[in-house]
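Below: one structure, written as structure tokens.
The values are calculated or read from the model by the stated rules, or taken from the named source; none is laboratory data. These numbers come from a predicted model, not from an experiment. FYI the Cβ positions are ideal-geometry reconstructions off the backbone, even for glycines, and counts take in every protein chain you see. Calculation scope for accessible area: heavy atoms of the full protein, side chains included, ligands and nucleic acids excluded. Shrake-Rupley method; radii C 1.70, N 1.55, O 1.52, S 1.80 Å.
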Amino acid sequence: MRHILLGAVAALGLTVAPALAEYPEKDIQGVIQWGAGGSTDTVMRAVTPHAEKLLGRSVVMTNRTGGVGVIATKFVQSQDADGYTLLMSAENPQIYKVMGLADTDYSDFIPISVLARGVPLIVANNDAPYNTFAEFVAYAQANPGKVRIGSTGPGGVPSVVTAMLTTQVELPVTAVPYDGDGPALTALQGGAIDVMPAVLGAAIEHVRAGRMKVLALIDTVENPALPGIAPITAEYPGFGDYLPWGPFFGVFVKKGTPEDAVAKLRAAYQAAAEEADFKALMDGRGFKLMNISGAEAEAFLAKWQSVTSWLVFDAGIAKHSPEDFGIPRP
Amino acid sequence: MEQAFAYFTIAWLDPSLLLLVAAGTFAGIYIGAIPGLSVTMAVSILISFTFSWEVNDALCLMVGIFMGGVYGGSRTAILLNIPGAPSAIATALDGYPLAQKGEAGQAIGIATVMSVIGGFLGILVLAIAAPVVSDFALTFQPRDYMLLGVLGILLVGSLSGESLAKGVMAGALGMLIGAVGLDPLTAQERFTFGIVELWNGISFIAVMIGLFGVSEALAQLHHLDKAAVRQQVSKIVPSFSAIRKYLPLSLQTSGIGVIIGALPGTGGDIAALMAYDHAKRVVKDPEVPFGQGAKEGLVAPETANNAAVGGAFIPMLTLGIPGDAVTAIMIGALYIHGLNPGPMLMIDRPEMFWFMVGNLTLANVFLLIFGLTGIRLFTKIVECPRGVLIPLILLLSVVGAYAVNNSVSDVYWMLGFGVLGYFMKIYGYQVGPVILGVILSRLIDENWRRAIISERESLPDFFLNLIASPLSAVLLLAVVLIFVSQTPLWPRRRSPR
């Protein structure tokens, strides 16, 4: 009996093996790390329909939120490395180790495409008695603790930007945590906080309407969306060590996924990200299109991890030293 | 003005848009009625589904689903005691007792008409006062949200049934459940015992389905052989005089709904509960006591949660700030379709505002039509033999709990809370305060701490600003008055009955 069963299994294996070469032979599952309506969700739901056309199969997307994205990341890791489960995620896993959130990061995954990067800004309430970054720093130093700066919790983008600022200038401010940059920017307009480090895309419409003012552009070059605003490196070249820096979005598969599946997914997502309407969306939301994969993406991810891990560690918000995980200082 | 009217009627005059609003509203009613399937989920799936469509088509469908879904939650709340959505929790409190008396048809009829009235009032405020209301909503500081939360917690008094002590106990349990997960401010783990699945807290929908639906199914097992209640199906549409009688109350509760809906930190669920509490306070002599099938207890939450829809669009269309979870996703949809929702939207795309107002109005008209047809068929559900109905409720509960996060652990939570709710019922504890505690614990926790951090941890500054700001002072006064009015210090004007 056992022999017959084994024979049957072997026969099944023989018939399945050639079919596997034709990736994808069934629908693909896309696991979005953040909730519906967030920027990760919007980006993934905009790019994936184009990729589906090239793959010839549906990519069924579900939001699996929670634990700063750890739950989705761990879920994809628990699935087979067969290319049928995609992790659609943001920058967060790169600091899970130092923040003590999880023992994984993107070195356990293969980047299909790092799609785009956000550009951080420092914006302020219109009534604030300072109009430039230098004036803001002087005011904060003259009134220690008086300026309330928005944050999204330790390890969030605003906390990293604030940590970056404090490497170059002394900044005695009070950080007030919010649920995300959206609620924090709302609070900024209501005067509950005075200053907020936010990504350009989240703030740009409010800036255009004159409801908040820009103190600094945290980048090395001027941005077409903000003509006339000099990058922060013009006045403080020291920031050049960390920049360009920003939150990013990408599609990943588990390490060990077969080459042909990775190649097909890469081709599909790379072409999808070049579609005109996706580019327009990225421009509209103020993201820099990157669309990189392979060694280029891995180098970007490694640099990002090194810069950010050391920033949060030096600012005292990390639980573990990057040294423990062999992350080199930038 | 003529221009505005032309934009307003875009969807009314285009047959395909008209059909999309109708289809959306129809689908929304059923999505809303099934616990676990939420409008938020439906709209986010629609983003990829409608990706290649024209933006107007996509928006018509989404608006229909939003309007229909908020109303649809009342269906299962009335018929099965399972609120289809958090905003229908208060509806179940008086709706289900009505169904038990054989008046499910009338209950659905009045819920429908009142939802539509609330919806229209919300849209009216959106149309005439959007900029004023959104500026007002922005002035709410963390301490004001905290006071709103405290005001909400006082509702425990209305929801505790036979014993206030038991109500407070249940409310405290709810606040404990709400505290589980990563601390929203510092990301510290609270009551998680190192389990990653608990980082996001216990799914509030799973708690709701368990405490309401499963516990009711378990309680019904005691009367398995009792014949089902015959439902009267005449007089489904409420009479004009009945509507006129509830009109003053519905105006007040719609007002509550619009404001709470327009606040970026609160949504239809809190609006409906606050409206229910308001009704309980202002309606002195209901024909039937609250909690046993008072019509006022249906009127208040149903007007408020549909008025909150119009409210949620106020900050979204004027400032690009979402008023609730659904409008947050719609903002994402606008981006994908190449628009830039923000304060400039009304200048860049002036047609968008009136187009949306027109869609909402249209969806509300369809709501009245679809809501009032098919009630007879729906009430048949309650007439099913219990041996058929109870397994169906349990199945629906399992599917609903799983669908929220595609997570099996939510199903276990749901079952666990079902058993807990069953024993709570036996020992005279109400489940309403638990849900209230879960909803409000985070609002109070976050905003109290945010407020005190903003004052650089100085208590004197905090209390000074509490009195110095007119808005905070009014809210504080409301909290104090409601509290004192429940104590012996309050002079009783009415003679005891």
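Structure above, values below:
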quantity: Qualifying residue in the stretch A:284-294 (condition: surrounded by fewer than 16 Cβ atoms within 10 Å (Cβ to Cβ), under 19 Å from the mean Cα position of the chain (by Cα) and either assigned by TED's automatic domain parsing to the domain that holds residue A:109 or of a type in the set (Val, Ile, Thr) (or both)); calculated: yes
quantity: Qualifying residue in the stretch A:85-99 (condition: open to solvent by 30 Å² or more (accessible area, probe 1.4 Å), more than 30 Å from residue A:213 (Cα to Cα) and not assigned by TED's automatic domain parsing to the domain that holds residue A:190); calculated: yes
quantity: Selected residue (only one of B:340, B:359 is away from chain A (no Cβ under 14 Å) and under 30 Å from residue B:3 (Cα atoms)); calculated: B:359
quantity: Qualifying positions in the stretch B:116-168 - within 27 Å of residue B:441 (Cβ to Cβ), of a type outside the set (A, V, I, L, M, F, W, C) and within 14 Å of chain A (Cβ to nearest Cβ); calculated: B:139, B:141, B:142, B:143, B:144, B:145
quantity: Filter pass, residue A:315 being in the same structural domain as residue A:108 (by TED's automatic domain parsing) and either surrounded by fewer than 20 Cβ atoms within 10 Å (Cβ to Cβ) or charged (D, E, K, R) (or both); calculated: yes
quantity: Candidate set from the stretch A:274-325 (those that are among the hydroxyl-bearing types (Ser, Thr, Tyr) and outside any helix (DSSP H, G or I)); member that is farthest from the other protein chains (Cβ to nearest Cβ); calculated: A:293
quantity: Any pair with Cβ under 6 angstrom, 6 or more apart, that starts in the stretch B:77-95 at a residue that is open to solvent by 10 Å² or more (accessible area, probe 1.4 Å) and ends at one that is among the polar types (S, T, N, Q); calculated: B:87/B:305
quantity: Of the criteria (1) touching a residue at least 12 places away in the same chain (Cβ under 8 Å); (2) open to solvent by 10 Å² or more (accessible area, probe 1.4 Å), which one residue B:174 fails; calculated: (2)
quantity: Within the stretch B:196-222, tally of residues that are more than 10 Å from every other protein chain (Cβ to nearest Cβ) and either outside any helix (DSSP H, G or I) or among the hydroxyl-bearing types (Ser, Thr, Tyr) (or both); calculated: 2
quantity: Residue within the stretch A:127-148 that is touching a residue at least 12 places away in the same chain (Cβ under 8 Å), farther than 24 Å from residue A:236 by Cβ and not aromatic (Phe, Trp, Tyr) present; calculated: yes
quantity: Residue A:272 vs. criteria modelled with pLDDT of 90 or more, open to solvent by less than 10 Å² (accessible area, probe 1.4 Å), out of contact with any strand residue (DSSP E or B) (no Cβ under 7 Å at 6 or more places or on another chain) and farther than 16 Å from residue A:298 by Cβ; calculated: yes
quantity: Check on residue A:40, over 16 Å from residue A:268 (Cα atoms), in a helix (DSSP H, G or I) and modelled with pLDDT of 85 or more; calculated: yes
quantity: Failed criterion for residue B:183 (all others in (1) charged (D, E, K, R); (2) under 30 Å from residue A:92 (Cβ atoms); (3) buried (at least 19 other Cβ atoms within 10 Å of the Cβ) hold); calculated: (3)
quantity: All positions within the stretch A:177-194 that are under 22 Å from the mean Cα position of the chain (by Cα) and touching a residue at least 12 places away in the same chain (Cβ under 8 Å); calculated: A:177, A:178, A:179, A:180, A:181, A:182, A:184, A:185
quantity: Checking residue B:264 against (1) outside any loop (DSSP other than H, G, I, E, B); (2) crowded, with 24+ Cβ neighbours inside 10 Å, the condition it does not meet; calculated: (1)
quantity: Unique residue being over 30 Å from residue B:101 (Cα atoms), hydrophobic (A, V, I, L, M, F, W, C) and either in contact with a helix residue (DSSP H, G or I) (Cβ under 6 Å, 6 or more places away or on another chain) or at pLDDT 85 or above (or both) when the list is B:329, B:393, B:347; calculated: B:329
quantity: Unique residue being more than 14 Å from chain B (Cβ to nearest Cβ), small (Gly, Ala, Ser), part of a strand (DSSP E or B) and open to solvent by less than 20 Å² (accessible area, probe 1.4 Å) when the list is A:246, A:250; calculated: A:250
